[in-house]
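Peer 1: Attaching a single structure in structure tokens format; questions to follow.
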There are 2 protein chains.
Amino acid sequence: MTLENISANKSFGGWHKQYTHRSTALNCDMRFAIFLPPQIAQGQQVPVLYWLSGLTCTDENFMQKAGAQRLAAELGMAIVAPDTSPRGDDVPDDAEGSYDFGLGAGFYLNATKAPWHRHYRMYEYVVSELPALIEANFPVTTQRAISGHSMGGHGALTIGLKNPERYSSISAFSPITNPMNCPWGQKAFTGYLGTNQEDWAQYDTTELMKASQAQLPALVDQGTQDNFLAEQLKPQALLDAAEQVGYPLELRLQEGFDHSYYFISSFIDDHLRFHAKHLGL
Amino acid sequence: MTLENISANKSFGGWHKQYTHRSTALNCDMRFAIFLPPQIAQGQQVPVLYWLSGLTCTDENFMQKAGAQRLAAELGMAIVAPDTSPRGDDVPDDAEGSYDFGLGAGFYLNATKAPWHRHYRMYEYVVSELPALIEANFPVTTQRAISGHSMGGHGALTIGLKNPERYSSISAFSPITNPMNCPWGQKAFTGYLGTNQEDWAQYDTTELMKASQAQLPALVDQGTQDNFLAEQLKPQALLDAAEQVGYPLELRLQEGFDHSYYFISSFIDDHLRFHAKHLGL
């Protein structure tokens, strides 16, 4: 698989780079961003944090706005940020052009319904294809952590819970914790998966946590002034599920913070240190 | 003068806020952003760093991308980011819609040529009107520092050199140091000021430094892989001027860095600490 490097910016002694490549999972060309810490230039292999962004985002939002590179450079951690959906002229979009379905809204699942199933397979892309690509092309170890925001928090939690052998730790900011029971999730699941609730449960953090065997360390931050808190994010559902099965989830309600990158940047260092500890850094 | 608060995001225990107001200097409505560090909630008055952005920017670029809030919150420093030109339906723009003249390209000067002179008075706005507004409406001291990027680096250096009694220190990233001798500056100065070179010299950092009496502490960072280095930025002209008059300028060439916010974020902490020292923090 060929990677094409399309940008490079020196950043905190390391590099921020963007690449494009043909994705087999998604059946289209994709772009991702990677932060390569300065330890790589000294011959070290580093672990990788995968960051999954929220609705409407691309690979750029986190890299430009989260302010993660300073500490990642210090810790010696690579960060990979994929796009949030398949892209390109051949990829179908929501007929109404809505922000919460179709382009920019892949929901980190494998769609089964036409016309979405040919491209909308972000779950397979994030779990399998992208890490294989990263590990074949960059001097990284196979130690991985996963994090994300909002729809990407849903992605990080579901992917981490379903693949505990592939990650050391999971974290999320403002995740959609119970998509089966919120408008964003119901719209996406109906469109991508149809109406069978058992199919939905495979991609619902709250349901997955109730059934979880392995218990990866998990950290979640949620702002109390988040506009989407009550209707879409529902952290109480996740807390209840964690309590029910004794899952060691740390969910912090951050007083006064909202859904923006001003919130993420305020606590990203905590998340990097959390993952660094579990990655053995 | 009435300020209208249009957004508020909690950030590192402080607040990022945006305001609009009627500007007398610019004869239009303007927007600015302010970071208020957490010390304000504890009853302290804090000094202010004014940040001037580059071509095409608004008040948002620095606040979203520089990653300055973490250390500003720790140091107890407010940061104010104005827009880069007058705005609004009544404000003339470049006929060709170019990015380097007109909207988004005010060059921090007072235009004297029609039709620009009615609105394009960013020098007066940044030097006088905006600080008066900030100091009347927020719990800040009259201690000020000034910094900026590219066109905003030119703005910070010229304004600081011309008003040493108003600032404790000056810094810049990738500044246009000698606009009289580069395409961006020549185009802007011809349009806003006409063809008299004596008028141009009033807004040229290299010329101002040669004539400077007071010598404010000044820090400049310039990336060696900046695409605009040789044609537009010309740091050697500034270095030569500083040497000629013995100005205590610290100009650092940062190996491998470019013109982007990945560069700014990598060194913004150095600039904040530099200003903090001279502000007595």
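The values are calculated or read from the model by the stated rules, or taken from the named source; none is laboratory data. Being a predicted model, the structure only gives us computed values, none of them experimental. Every residue, glycine as well, gets a Cβ built from its backbone with ideal geometry; the counts of neighbours run over all protein chains shown. Areas reflect the complete protein model, heavy atoms only, side chains present, ligands, DNA and RNA absent. Shrake-Rupley method; radii C 1.70, N 1.55, O 1.52, S 1.80 Å.
Peer 1: Considering only segment B:20-36, state which residues are open to solvent by less than 50 Å² (accessible area, probe 1.4 Å) and either farther than 23 Å from B:LEU272 by Cα or more than 20 Å from the chain's Cα centre (by Cα) (or both).
Peer 2: Within segment B:20-36, B:THR20, B:HIS21, B:SER23, B:ALA25, B:LEU26, B:CYS28, B:MET30 meet the criteria.
Peer 1: So which residues in segment B:7-54 are of a type in the set (Phe, Trp, Tyr), farther than 25 Å from B:PHE263 by Cβ and within 14 Å of another protein chain (Cβ to nearest Cβ), if there are any at all?
Peer 2: Listed by number, the list holds a single entry, B:TRP15.
Peer 1: Please determine whether any residue of segment B:74-84 is open to solvent by 40 Å² or more (accessible area, probe 1.4 Å), within 14 Å of chain A (Cβ to nearest Cβ) and more than 19 Å from the chain's Cα centre (by Cα).
Peer 2: The answer is yes, given that some residue of segment B:74-84 is open to solvent by 40 Å² or more (accessible area, probe 1.4 Å), within 14 Å of chain A (Cβ to nearest Cβ) and more than 19 Å from the chain's Cα centre (by Cα).
Peer 1: Here is a further query. Would you pick out the residues in segment B:139-166 that are assigned to a loop (DSSP other than H, G, I, E, B) and open to solvent by less than 10 Å² (accessible area, probe 1.4 Å)? It would help to see each step written out before you state the result.
Peer 2: As a first pass, look at segment B:139-166 and keep what is assigned to a loop (DSSP other than H, G, I, E, B): B:139, B:150, B:163-166.
Passing the criteria: only B:SER150.
Peer 1: If you check every pair at least six apart or on different chains, which have Cβ atoms under 8 Å apart with a residue in segment B:250-278 that is in contact (Cβ under 8 Å) with a residue 24 or more places away in the chain and β-branched (Val, Ile, Thr) first and a residue that is assigned to a helix (DSSP H, G or I) and open to solvent by less than 20 Å² (accessible area, probe 1.4 Å) second?
Peer 2: From segment B:250-278, the pairs are B:ILE264/B:PHE62; B:ILE268/B:LEU71.
Residue-by-condition table, conditions (1) of a type outside the set (Ser, Thr, Tyr); (2) without any contact (Cβ under 8 Å) to a residue 60 or more places away in the chain; (3) not in a loop (DSSP other than H, G, I, E, B):
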site	(1), (2), (3)
B:THR58	no, yes, no
B:ILE79	yes, yes, yes
B:PRO86	yes, no, no
B:VAL91	yes, no, no
B:GLU96	yes, yes, no
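Peer 1: A further question follows. Run A:CYS57 past the list (1) in contact with a strand residue (DSSP E or B) (Cβ under 9 Å, 6 or more places away or on another chain); (2) more than 14 Å from chain B (Cβ to nearest Cβ); (3) on the phi < 0 side of the Ramachandran plot and report the number of the one that doesn't hold.
Peer 2: Of the numbered conditions (1) in contact with a strand residue (DSSP E or B) (Cβ under 9 Å, 6 or more places away or on another chain); (2) more than 14 Å from chain B (Cβ to nearest Cβ); (3) on the phi < 0 side of the Ramachandran plot, the odd one out for A:CYS57 is (2).
Peer 1: Then there's this: Only residues that are more than 10 Å from every other protein chain (Cβ to nearest Cβ) and crowded, with 24+ Cβ neighbours inside 10 Å: list them for segment A:60-71, please.
Peer 2: A:PHE62
Peer 1: Please count how many residues of segment A:167-183 are assigned to a strand (DSSP E or B) and aliphatic (A, V, I, L, M).
Peer 2: Here the count works out to 2.
Peer 1: Sort out which residues of segment A:184-211 are more than 23 Å from A:LYS113 (Cα to Cα) and part of a loop (DSSP other than H, G, I, E, B), and write them in order of number.
Peer 2: A:ALA211
Here's the yes/no breakdown for (1) farther than 13 Å from B:ALA172 by Cβ; (2) open to solvent by 20 Å² or more (accessible area, probe 1.4 Å); (3) facing chain A (nearest Cβ under 9 Å); (4) touching a Phe, Trp or Tyr at 6+ places or on another chain (Cβ under 6 Å):
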| site | (1), (2), (3), (4) |
| --- | --- |
| B:ALA230 | yes, yes, no, no |
| B:TYR247 | yes, no, no, no |
| B:GLY256 | yes, no, yes, no |
| B:GLY280 | yes, yes, no, no |
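Peer 1: Pick from segment A:1-10 the residues that are more than 22 Å from the chain's Cα centre (by Cα) and crowded, with 17+ Cβ neighbours inside 10 Å: which of them is nearest to A:ASP59 (Cα to Cα)?
Peer 2: For segment A:1-10, the residue satisfying everything is A:ASN9.
Peer 1: Quick one: how many residues across segment A:5-31 are among the aliphatic types (A, V, I, L, M), in a strand (DSSP E or B) and within 22 Å of A:PRO115 (Cα to Cα)?
Peer 2: 1
Peer 1: Residue by residue through segment B:168-180, note down the ones that are over 10 Å from the mean Cα position of the chain (by Cα) and either open to solvent by 10 Å² or more (accessible area, probe 1.4 Å) or without any contact (Cβ under 8 Å) to a residue 60 or more places away in the chain (or both).
Peer 2: B:SER168, B:ILE176, B:ASN178, B:MET180
Peer 1: In segment B:37-56, what residues are assigned to a helix (DSSP H, G or I) and crowded, with 24+ Cβ neighbours inside 10 Å?
Peer 2: none
Peer 1: Among the residues of segment B:258-268, how many are at the interface with chain A (Cβ under 8 Å from one of its Cβ atoms) and open to solvent by 10 Å² or more (accessible area, probe 1.4 Å)? If you could, list the steps in order and put the result at the bottom.
Peer 2: Taking segment B:258-268 as the starting set, the residues that turn out to be at the interface with chain A (Cβ under 8 Å from one of its Cβ atoms) are B:258, B:260-263, B:265-266.
Then drop every residue that is not open to solvent by 10 Å² or more (accessible area, probe 1.4 Å), which leaves B:258, B:260-262, B:265-266.
Qualifying residue count for the region: 6.
Peer 1: Just give me the residues in segment A:195-228 being within 14 Å of chain B (Cβ to nearest Cβ) and under 21 Å from the mean Cα position of the chain (by Cα), in sequence order.
Peer 2: Of segment A:195-228, the ones within 14 Å of chain B (Cβ to nearest Cβ) are A:221-227.
Selection gives A:ASP221, A:GLN222, A:GLY223, A:ASP226, A:ASN227.
Peer 1: Taking only segment A:212-240 into account, find how many residues are over 22 Å from A:ARG144 (Cβ atoms) and in a loop (DSSP other than H, G, I, E, B).
Peer 2: Residues meeting the conditions: 6.
Peer 1: Tally the residues that are in a helix (DSSP H, G or I), hydrophobic (A, V, I, L, M, F, W, C) and over 14 Å from the mean Cα position of the chain (by Cα), restricting the search to segment A:111-138.
Peer 2: Within segment A:111-138, the subset in a helix (DSSP H, G or I) is A:116-118, A:122-137.
Next, only the ones that are hydrophobic (A, V, I, L, M, F, W, C) stay: A:116, A:122, A:126-127, A:130, A:132-134, A:136.
With the extra rule that they be over 14 Å from the mean Cα position of the chain (by Cα), the set shrinks to A:116, A:132-134, A:136.
Final tally of qualifying residues: 5.
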